[in-house]
Amino acid sequence: MTLTAWMFALPFVVLFVVFMAGPIVASLGMSFTDMTTRDLQTPFQVNIVGLDNYARLFQDPRFVRSLANTFTFVIVAVPLTMGLALVVALALDKGIRRFRTVFRVGYYAPVVTSIVAIAIVWRFILQPDGLLNGFLSLFGIQGPDWLQSTTWALPSLIMMAVWRNIGTLMVIFLAALQGVPREHHEAAMVDGANAWQRFWNITIPAMRPALLFAAVITGIGFLQFFEEPFVMTRGGPLDATLSTAMYTYQQFGFGNYAYASAASYVLFLAIVILSLIQFRFLGRKD
Amino acid sequence: MATVAPASTASHAAPEPAPRRRRRREKTRWWLYVVLFLGLVAMVMPFVWMILGSFKTDAEIRQYPTEFLPRDPTVENYETLFGRLDFTTFFVNSIVVAVFVTLGNIVFCSMVGYALAKLEFRGKKLLFTLVLATLMVPGVVTFVPLFVLTANLGLVNSYPGLILPFLIAPIGVFLMRQFMLGLPDELIEAARIDGASEWRIFLRVIMPMCGPAVATLTILTFLGSWNNFLWPLVVATTEDMYTLPVALALYSVGQNAARYGLMMAGAVVVVVPVLAVFVLLQRYFVQGIALTGIK
């Protein structure tokens, strides 16, 4: 029995070890060495340097900046995406019967599209004389040069990321809302609870697992923030949108393999820590 | 469908008279439509603008104030794209990679999913735990060692280099296992009593019942591969191996960067195929997200 079962698992296990588990472990190992491009053919003959790479990372202002940018991005974009998705999901769940599919398709469409293509379109929308500033000028507002401004570049990317990710969370929240027992709402209504009270005391607690799940996956996704700065700003202006994933990629490009691995492990640790925090805060009641 | 209670019976539970309540509810509903509609415009506008822009000349896109519709629509951007910039090759590369990646995931994730869901074996728990644990690992963590490995195997800038690392995915295993757990054990036992081998049971009994799960896996994997960026960017080193997103990203920062219409047309070529598939299959997409998302 065990043998047959392993036959089913074998192709997966081989690919998994070679292309996933192996590289994950190797990356950790690599981060303690001085491996660069010149060691490409002989990766096992590198010198072990202990925690040097990590020490160097935290002395590099650009890396620290990239972490700060990434965390700003996550801290602003996660609640914003969740909040808007919740509003849309509630609106779609309540009363709305006509055009429901149209709304669902429209809000979900950005999720299925290539972020590179979308980033290019947004780059033009955010031009000084682009669509967004044209729209703002209708209200007499003179919009900034979004992507060239050290103040507005990161908010621009946040805006785009929120736009792109609302759909995923909307679907998750819609599924969760369907699981909120109707009787609880009816009982509370008889007791004279208003819509707001019912929302806080019935809907939100019932959605707790979905909210936790959404916070975790959005957090993990946003910490890996890469394509947007790559296509739209290259991390600029003046590193205002340099993300940690982008920094890792740059170091890899310079041939600093070990250093890039260390940077990626810092990001990994950040993901683990963020997920643990979220589980603590949001998962408490389970 | 909820049944509407007659006003006379509803009124004793409600503090205000029914007609006024209904009027108020209709007013909220009207507002909901307005808010949702404005949101919808914001969601869809970049797509509309992208498609319209792909039929404009650069001069027209750059002109200010912006005009919404193309004055005299031109397909010149698409001609340049497929003629001079060779997007046909990138399109083919994207399709080849996505097809093989999807097939690999269906075969390998189904097999291991069957073992994890319906067979008993030593190390089962450990295997599943490891698979779940890797879900949290970001893509950038593996790409340096993966690149070293790929380089040493001589697979840089080749289809196998683009495809092999993605033939399996933890999320696919999770999806197939969860779905197969829900299939009745009795069918498998009956087949075993009839003397069918595990392989036969897998192919003839289990897989035919996995339609929805396979459909979801296909959609998610194809889409993920089509939109994948970081790894192809690292591994495809010459133009003939670029996938669509890589070509688009690299062209958009070079000398073509200022060619707005061209870049819009490029974006259309990347986005519109999946958008079309999505609109046709949106029901399954949404089910798929719900299926992989919660539970």
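Just to confirm my filter: which helices (runs of 4 or more DSSP H) fall fully inside the stretch A:207-286 and include at least 2 residues that are more than 10 Å from every other protein chain (Cβ to nearest Cβ) and more than 17 Å from the chain's Cα centre (by Cα)?
A:257-282
Can you go through B:Val140, B:Val112, B:Val97 and tell me which one is part of a helix (DSSP H, G or I), at pLDDT 95 or above, buried (at least 18 other Cβ atoms within 10 Å of the Cβ) and at the interface with another protein chain (Cβ under 8 Å from one of its Cβ atoms)?
Only one candidate passes the filter, namely B:Val112.
Checking the condition open to solvent by less than 40 Å² (accessible area, probe 1.4 Å), at pLDDT below 90 and aliphatic (A, V, I, L, M), which residue from A:Val116, A:Val105, A:Val88, A:Val190 passes?
A:Val105
Could you grab me the full set of residues in the stretch A:46-55 that are touching a residue at least 24 places away in the same chain (Cβ under 8 Å) and more than 14 Å from A:Tyr257 (Cβ to Cβ)?
A:Tyr54
Determine which member of the set B:Ala191, B:Ala258, B:Ala213, B:Ala196 is assigned to a loop (DSSP other than H, G, I, E, B) and farther than 30 Å from A:Thr233 by Cα.
Step by step, each of B:Ala191, B:Ala258, B:Ala213, B:Ala196 is checked, and only B:Ala196 is assigned to a loop (DSSP other than H, G, I, E, B) and farther than 30 Å from A:Thr233 by Cα.
Of the residues A:Ala5, A:Ala77, which single one is part of a helix (DSSP H, G or I) and over 30 Å from B:Tyr33 (Cα atoms)?
A:Ala5
Would you pick out the residues in the stretch B:143-176 that are among the hydroxyl-bearing types (Ser, Thr, Tyr) and crowded, with 22+ Cβ neighbours inside 10 Å?
Result: B:Thr150, single match.
So which of B:Gly211, B:Gly224, B:Gly182, B:Gly261 is at pLDDT below 90 and either under 19 Å from the mean Cα position of the chain (by Cα) or basic (Lys, Arg) (or both)?
Going through B:Gly211, B:Gly224, B:Gly182, B:Gly261 in turn, just one is at pLDDT below 90 and either under 19 Å from the mean Cα position of the chain (by Cα) or basic (Lys, Arg) (or both): B:Gly211.
Limited to the stretch B:116-130, what total is found for residues that are among the β-branched types (Val, Ile, Thr) and within 7 Å of another protein chain (Cβ to nearest Cβ)?
To start, the set of residues in the stretch B:116-130 that are among the β-branched types (Val, Ile, Thr) comprises B:129.
Those left that are additionally within 7 Å of another protein chain (Cβ to nearest Cβ): none.
Result for the stretch B:116-130: 0.
The values are calculated or read from the model by the stated rules, or taken from the named source; none is laboratory data. Nothing here was measured: the structure is a model prediction, and the numbers come from that model. Here the Cβ is made from the backbone with ideal geometry for all residues, glycine too, and neighbour counts use every protein chain on show. With ligands, DNA and RNA removed, areas are computed over all heavy atoms of the protein, side chains included. Shrake-Rupley method; radii C 1.70, N 1.55, O 1.52, S 1.80 Å.
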